[in-house]
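Data block below; observations after.
The values are calculated or read from the model by the stated rules, or taken from the named source; none is laboratory data. Source: prediction; values computed, not measured. Note that we place each Cβ from the backbone using ideal geometry, even for glycine, and neighbour counts take in every protein chain shown. SASA here: full protein model, heavy atoms, side chains in, ligands and nucleic acids out. Shrake-Rupley method; radii C 1.70, N 1.55, O 1.52, S 1.80 Å.
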Amino acid sequence: MRGWETEVALPVAGTFTTPARGSLRADAVLTAPEDQVLVLFVEVDNHTEPAAVVAAKIDRYRRFFGRQMKVDRGRELPLWSTLWEDSGQGGFPPVALVFTKDVGAEARMNRMKTIRDLSRTCWQPRWENPHGWSPKTSEEDGWWDFTGTVPVIATHLDQLRTHGPHGPVWWRFGHHEWQPITDALTNTGTEDQYDAREDQHSLERAAQEERRRQEREEELRRREAGKWPCRSCGGPVYPGDAWGEPMVPGRPCTVCRTITDSEQPPTAQRAATAAEAAETNGILARLRRK
């Protein structure tokens, strides 16, 4: 990596050459487009300041990044973008915290977490869905809006020496693992990724509907191929029209069968059943029981 500037004034008011009181000074600014790092503001932490002071410094970065300046025809641009290139990911440029003091892994991690929690309003993106804002716990799909946020990545000098800046040595606030620098600087869960998921879901829904349409058409073709004319009324009879019983090809339609059954006299089985009932419950049967 190359393109280092040190002790760079970042005016929250005033100019780069004459920054107003309350401005900050970055320990270093890195520009390495050849390594996919367009700009990175670096803060070296020697444990000489309380964690709250470091977190407040991240807020001052956000104030600086949010500063606008007028250009031609009243158009406004972020002041920082007049000197450095925008990554195009949305949000503000990233800030790297490099911890140098050897205080042990646990103490170092606790300090990182404390700074993370104290600066959450600076780096935490906003969860959105098509209906507006909602808590991330919502089951509805959505995306993270990084507008107005400062990506913060942290590492330790020993890790950089051992693995180099492209090793898995960076912890981005809000992430759950150590990552290479380009991965740590990449916004995830974005609206573009949500749109891509929605496009994929639309394609899947369209494909499913097409399969259902083809299945319906195939079923209609099978029914049409298997139909026969009713020998009583001449209307079409389809397999499966007689619910609960098989429909034998050539039989009349259900309506005609119902009419025919209602006009026929009792069958021999029905007559036997009636006779048996009369034998059991009739007048003569009751007389015999007396």
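What to note about this one:
- Separation of the residue 162 and residue 89 label points, Cα + 7 Å toward Cβ, nm: 2.5 nm
- The slack in the chain from residue 127 to residue 106, taken as 0.36 nm per residue of separation less the alpha-carbon distance, amounts to 4.5 nm.
- Hydrodynamic radius by Kirkwood, which averages 1/r over all alpha carbon pairs of the stretch 55-120, in angstrom: 14.3 Å
- Averaged over its residues, the stretch 1-96 has an accessible area of 54 Å² per residue, based on protein heavy atoms and a 1.4 Å probe.
- Overall, the accessible surface of the stretch 4-134 at a probe of 1.4 angstrom is composed of carbon and sulfur to the extent of 50 percent.
- Carbon and sulfur %, accessible surface of the stretch 164-250 computed with the full protein complex present, 1.4 Å: 53 percent
- By average C-beta atoms within 10 angstrom, highest first, the peptides 4-12, 148-156: 148-156, 4-12
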